[in-house]
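Each remark here refers to the structure printed beneath this line.
The values are calculated or read from the model by the stated rules, or taken from the named source; none is laboratory data. Remember, predicted model here, so these are calculated numbers, not experimental data. Reconstructed Cβ throughout: ideal geometry from the backbone, glycine too, with neighbour counts over all protein chains shown.
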């Protein structure tokens, strides 16, 4: 190989077209794949030996099997240290290719690995960041690199920041994060139960049962980020817990994130005093579009829960659905602020559907609470189970408030086109099914609005089912449909 490189250099210096062709060939020839096996019979005896032998552009390819800390002869600190430009891949996919730190340290340190590094098709489990370097229980990306993670699984990893992964920027696609933890204990504040990142791109990932816990300011049960782009991800049963003021059961982003086509189910923020903030997400000044929020909770023992599903400082929310989210005080049961949505500053909510959300008690706000006002357009707020439908000096246009426990009065300014009528959801129980499409003859469908207004579509669901007869409902009948513990909604 060194002789080949010298020959190529001589030809290139000659300035011939052949030299240009050989440059391309040389790049391909220099790249090498180092195959490693669990029994040490591959191109190198261990993963680290293969990494140390590799050059930038090379790939270390792991055969199926489990690569444990003790078997790899790892030193203290990190099981592996990735070199700049070297990629790491599993040959048979993440389910069959497992890196196990055995809770002895971090799995992979990646100082300044560069933008072209790819890590894919691997499982990282039981990693634990060293106490003196508490970022990234599975992977710690250092420097200004922008690596790519694809089709990886992260489970049961622990750190203070980024239970599984710590990075500045990265592209993370089609990965699964399960049971990771930020905040191993003591007077620390865990941030990012699965992931701590800057302006990363997250796409097609699943975050399940991750936790951030701490003393008074834990944040991001799954993700703690700064102006991240998050697309087509699922967040299920993640949580942030601390006595003081936790933020973001699934996501806490302190910048201006963009969150699109994501689903949030059963996430929570739990506190003892002060407040619990953003049962599913705290999105700062970001935008949230085409997302689903179901059964998320912000609850505090002696203070208010705020934003059972969504909280931010000043944000824009469009075409989102909020079902059975709650914000409350628990000792004793008391009012919460914004069972679905809460923000202290001027925000915008457009073409959303809110069903069966709760403010904890009659004195709370189950729907939308924007302290300094905002704009609410083409939105349905229906069947709120506890508390008022809204609070704040809001400007309402083309909205439907119907069947809410605290009444259907607007909060603030009626800017026209608002009404109170049964939305005629296609599903007999829209809350239980999650189907918020409406009938073609719904008052929320284009061309069917009361008072002759031309509002277009109201709500997040399409006008997708056939017309059906309107059956008057009493409030008692509505409560029977949406009472927790009935067929309408699961009990807590």
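Assorted remarks:
- The single condition from (1) crowded, with 24+ Cβ neighbours inside 10 Å; (2) without any contact (Cβ under 8 Å) to a residue 40 or more places away in the chain that residue 333 fails is (1).
- Selection status of residue 417, assigned to a loop (DSSP other than H, G, I, E, B) and surrounded by fewer than 18 Cβ atoms within 10 Å (Cβ to Cβ): no
Conditions tested, residue by residue: (1) in contact with a helix residue (DSSP H, G or I) (Cβ under 7 Å, 6 or more places away or on another chain); (2) outside any helix (DSSP H, G or I); (3) more than 26 Å from residue 128 (Cα to Cα); (4) modelled with pLDDT under 50.
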position: 8; (1), (2), (3), (4): yes, no, yes, yes
position: 15; (1), (2), (3), (4): no, yes, yes, yes
position: 25; (1), (2), (3), (4): no, no, yes, yes
position: 35; (1), (2), (3), (4): no, yes, yes, no
position: 49; (1), (2), (3), (4): no, no, no, no
position: 56; (1), (2), (3), (4): no, yes, yes, no
position: 66; (1), (2), (3), (4): no, yes, no, no
position: 71; (1), (2), (3), (4): no, no, no, no
position: 80; (1), (2), (3), (4): yes, yes, no, no
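- Residues located in the stretch 373-391, provided they are out of contact with any helix residue (DSSP H, G or I) (no Cβ under 8 Å at 6 or more places or on another chain) and closer than 13 Å to residue 407 by Cβ: 381, 382, 384, 386, 387, 388, 389, 390, 391
- Screening the candidates 370, 394, 401 for the property of being at pLDDT 95 or above, more than 17 Å from residue 347 (Cα to Cα) and out of contact with any helix residue (DSSP H, G or I) (no Cβ under 7 Å at 6 or more places or on another chain) yields one hit, 401.
- The stretch 336-352, residues that are surrounded by 21 or more Cβ atoms within 10 Å (Cβ to Cβ) and assigned to a loop (DSSP other than H, G, I, E, B): 336, 338, 339, 340, 351, 352
- Number of positions in the stretch 241-267 that are modelled with pLDDT of 95 or more, in contact with a strand residue (DSSP E or B) (Cβ under 7 Å, 6 or more places away or on another chain) and closer than 20 Å to residue 161 by Cβ: 11
- Residue in the stretch 84-113 that is farthest from the chain's Cα centre (by Cα), counting only those that are crowded, with 21+ Cβ neighbours inside 10 Å and closer than 22 Å to residue 31 by Cβ: 86
- Residue, nearest to the chain's Cα centre (by Cα), within the stretch 201-226, restricted to residues that are crowded, with 23+ Cβ neighbours inside 10 Å and outside any strand (DSSP E or B): 222
- Count - residues of the stretch 299-321 that are closer than 18 Å to residue 262 by Cβ and not in a loop (DSSP other than H, G, I, E, B): 6
- Counted residues, the stretch 73-82 - those being free of Cβ contacts under 8 Å to residues at least 60 places away in the same chain and either in contact with a strand residue (DSSP E or B) (Cβ under 6 Å, 6 or more places away or on another chain) or crowded, with 21+ Cβ neighbours inside 10 Å (or both): 5
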